[in-house]
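Please read the structure below before turning to the comments.
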Amino acid sequence: MKELSLNILDIAQNSITAEADLVEISLNETDTTLTLTVKDNGYGMSPEFLASVHDPFSTTRTTRKVGLGIPLLKLAAEQTDGYIDLRSTQRSADPENCGTVITAFFNKDHLDFTPIGDIVSTITTLLQGFPDIDYVFSHRIETGGAEKLIAIDTRDMRVILGDEVPLSDPMVLVWVKETLEEQYSAL
Amino acid sequence: MKSLEELAKIRERMQSKVILREGQATTRVVVGMATCGIAAGARPVLNTFVEEVAKNDLGDKVTVSQTGCIGMCRFEPIVEVFEGDNERVTYVKVTPEMAKEIVEKHLKGGKPIAEYTIGAAEK
């Protein structure tokens, strides 16, 4: 993957497959580090699947026996001397608090750090493809003692849009894109 | 400054439109967006289709959606265009520029672009 935002798009789709209705994507940046967290309230993974999920030959896909989503994210983190961490609670074990949290830690100064890239496009792509799910996106940047926050929560948008306008409506997608771009350009 | 109030305006505009949507679309554009598609560049291709369909006001006729792995990863980004009941055209190794051309010639003009299809790629 050329950009971390593409890994994020790929990983978020696992949450959608797991029937999540809320996906929270957070980026926390300091001068030298980046922590990515993708949290969902989907049906979770069994301890056996969780243990095997780093293995490319472990996948939910049905068209072939190789799954590269998590291995590629792991590679992107580890090549900066970072790591990934996965935690999951199955719906069958705890229906109220089930879900999966994947955390990836990166050292930004490492030569092999992959740039975040076009994260705005990743968010609009998720809304376009899966408009029935809610997304909370936040990007916190702490540099030189100051903290800046870029954030969007589709639950707030849905209150105003009502049932008749889906998040995938082109006018809504343009609004999301411009809102996030405005927040980024204000940095 | 962007604000949530603008979404209320979008909603009003939608309500005032004569609604001809659900079930009226006759053409489906499906973009492969699994790991293989994404790594090969499907995200800008998908976004180009979404933008061009909106720009050309084809929204009532064409839907753009995402799908998982189609099983031919070496040809990604793959875009399938379904028209009517069972007619399907499979475009392979699609770029944003090709996507624009597909909207213009195929979706608007009704003529599939043979040289971009899987049939041409496999020769």
**Prompt:** Given the options A:A20, A:A77, A:A151, which has the most mean-square fluctuation in a GNM of chain A, springs set between C-alpha atoms less than 10 angstrom apart?
**Reply:** A:A151
**Asked** Going highest first, how would you order A:174-183, A:90-99 by mean Cβ packing within 10 Å?
**Response** A:174-183, A:90-99
**Asked** Expressed as an acute angle from 0 to 90° and rounded to the nearest 10, what is the orientation of the C-alpha long axis of helix B:42-55 relative to the principal long axis of chain B?
**Response** 50
**Message:** Taking 24 Å as the cut-off for C-alpha to C-alpha distance, list the pairs among A:K39/B:K100; A:K74/A:K177; A:K177/B:K111; B:K61/B:K105 that go past it.
**Reply:** A:K39/B:K100; A:K74/A:K177; A:K177/B:K111
**Request:** In whole Hz, with x marking every Gly and Pro, tabulate ³J(HN,Hα) for the stretch B:102-109 from phi via Karplus 6.51 cos²θ - 1.76 cosθ + 1.60, θ = phi - 60°.
**Result:** 5, 4, 5, 7, 8, 6, 8, x
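Please report Rg over Rh for the stretch B:22-121, where both radii come from the alpha carbon positions and Rh follows the Kirkwood definition. Show your work: numbers first, answer last.
Details: Rg = 12.3 Å, Rh = 13.2 Å.
Expressed as Rg/Rh, it is 0.93.
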**Prompt:** Per the Cauchy relation, a quarter of the hull surface: what is the mean projected area of the convex hull of the alpha carbons in the protein assembly as shown, in nm²?
**Reply:** 17.9
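Using the Cα centre as the reference, give the magnitude of the dipole from point charges on the C-beta atoms of the protein assembly as shown (Lys, Arg: +1; Asp, Glu: -1; all else neutral), rounded to the nearest 20 debye.
Working: 32 positive and 48 negative charges, 174 e Å.
In debye, rounded to 20, the protein assembly as shown gives about 840.
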**Prompt:** Once you sort the root eigenvalues of the Cα gyration tensor of the stretch A:98-187 as a ≥ b ≥ c, which label holds: rounded (a/c under 1.5), prolate (a/b larger than b/c) or oblate (the other case)?
**Reply:** prolate
**Item:** With eigenvalues of the C-alpha gyration tensor scaled by 5 and rooted, the stretch A:1-157, Å
**Value:** 24, 20, 15
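Every read-out reported here was derived from the displayed coordinates using simple, explicitly stated rules and does not represent laboratory data. Quick caveat, the model's predicted, so the values are computed rather than measured. Cβ coordinates were reconstructed from backbone atoms using ideal geometry, including for glycine residues, and neighbour counts include every protein chain displayed.
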